[in-house]
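*Asks:* Attaching a single structure in structure tokens format; questions to follow.
The values are calculated or read from the model by the stated rules, or taken from the named source; none is laboratory data. Owing to the predicted nature of the structure, the values given are computational and were not obtained by experimental measurement. Cβ sites come from the backbone with ideal geometry, for glycine too, and all protein chains shown count toward neighbours. Ligands, DNA and RNA are stripped out before the accessible areas are found, and what is left, the full protein with its side chains, is counted by its heavy atoms. Shrake-Rupley method; radii C 1.70, N 1.55, O 1.52, S 1.80 Å.
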Amino acid sequence: MRRLMNDNRIKDIIGSQTEGLELFEKRPVVGSLSEYDQFASDEMERFWLNSRNIQESSVTGCEPFPGEMLKPNSEDVLLSDSMLNLIVKYYTATHERYNFRKPADEIDQDAITIRVKMNKFGRCQIGSEVFGSAMSIRHIKSSYILAKFITDDGEVDRYAGQVQYFFNHTVDLPNGPAEHYLAFVRWYEPAKVRYRFSIDDDEETETCNVELWKTSFYPESRDCIIPVHNILCQFVPAKYKVSSNRNSVEYLAVNPLNRKFNIR
């Protein structure tokens, strides 16, 4: 547990990590990253920071990313009516200059009609990491992720969730079709006492890396759709029971895993 808590200290040196990304231009990349050598250090740094500096990010999901969608996959999947509603809300929020509509909605000459089909994927490779989803039972262990959101009061907080599936969807923008690389995620509800484990580094500093979340999900909403660029990291889920005199409640203990870039 202490090792897991100490791992999160890497957040305090994010600046030094990104300053060293120019090494990618000077040294060969190992493993799966070798396929993405075309990503210059400034592009890799921008991608790395997108998931962390959510307030400054303008990612919509159609931007290049150092990876690809992986099998199992299903092509030309018809969007349900509820999914059409969510994706209209997603595009409206991310492409603020345009209006969007479902095919069945009242005709609006100024609105872009959403395509009704998508391609679904069970996995997504980002750099040297492969993220799974609930769609692929074999890879469900890597389906648990953290991502940052801006809350209603303007603060930035990270949320724990499980990827249900990855998908790409094309929307016909005025300047041409734009393919978006997205994930559909169910987000866990936070526990009343979110930070239960901590270690004291000194008299003034306390470090915590393990968080408690409820085992239930928030209802489905537009926030369930995120660009794959906004995935912060994976986490290892574990069941944890909090007992009182009267009863015990089972929570999900979230242990974040730091993102890795491998060079030699």
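*Asks:* For the pairs LYS117/LYS214; LYS120/LYS192; LYS117/LYS239; LYS120/LYS148; LYS89/LYS148; LYS89/LYS141, note any where the Cα-Cα span goes beyond 27 Å.
*Replies:* Distance filter (> 27 Å) returns LYS117/LYS214; LYS120/LYS192; LYS117/LYS239; LYS89/LYS141.
*Asks:* Also, quick follow-up: Within the stretch 74-158, list the GluC sites (Glu not before Pro) lying in a DSSP loop whose Cβ has at most 15 other Cβ atoms in a 10 Å radius.
*Replies:* In loop regions of the stretch 74-158 (DSSP not H, G, I, E or B), the sparsely surrounded GluC sites (Glu not before Pro) are GLU96, GLU106, GLU155.
*Asks:* Please give, to one decimal in nm, the separation of the simple spin-label points placed at ASP172 and ILE137, each 7 Å out from Cα toward the Cβ.
*Replies:* 4.0 nm
*Asks:* Now for a separate question. So what is the relative contact order of the stretch 82-163, in percent, for Cα pairs below 8 Å that sit 6 or more residues apart? Can you show the working numbers first?
*Replies:* Values: 99 pairs, mean separation 12.8, N = 82.
Once normalised by length, the contact order is 16 percent.
*Asks:* Shifting gears a bit: Averaged per residue, what accessible surface does the stretch 76-200 expose to a 1.4 Å probe, in Å²?
*Replies:* Result: 51 Å² per residue.
*Asks:* Next question. Tell me the label-point distance for the pair ASN99, THR215, using the 7 Å Cα-to-Cβ offset, in nm and rounded to one decimal.
*Replies:* 4.6 nm
*Asks:* Here is a further query. Would you list SER80, SER142 from the most to the least accessible area, probe 1.4 Å? Spell out each step's value before the answer.
*Replies:* Values: SER80 55, SER142 25 Å².
Largest accessible area first, the list is SER80, SER142.
*Asks:* Separate question: Starting from the 7 Å offset along Cα-to-Cβ, what nm value, one decimal, do you get for the label separation of SER82 and SER58?
*Replies:* Modelled inter-label distance: 3.5 nm.
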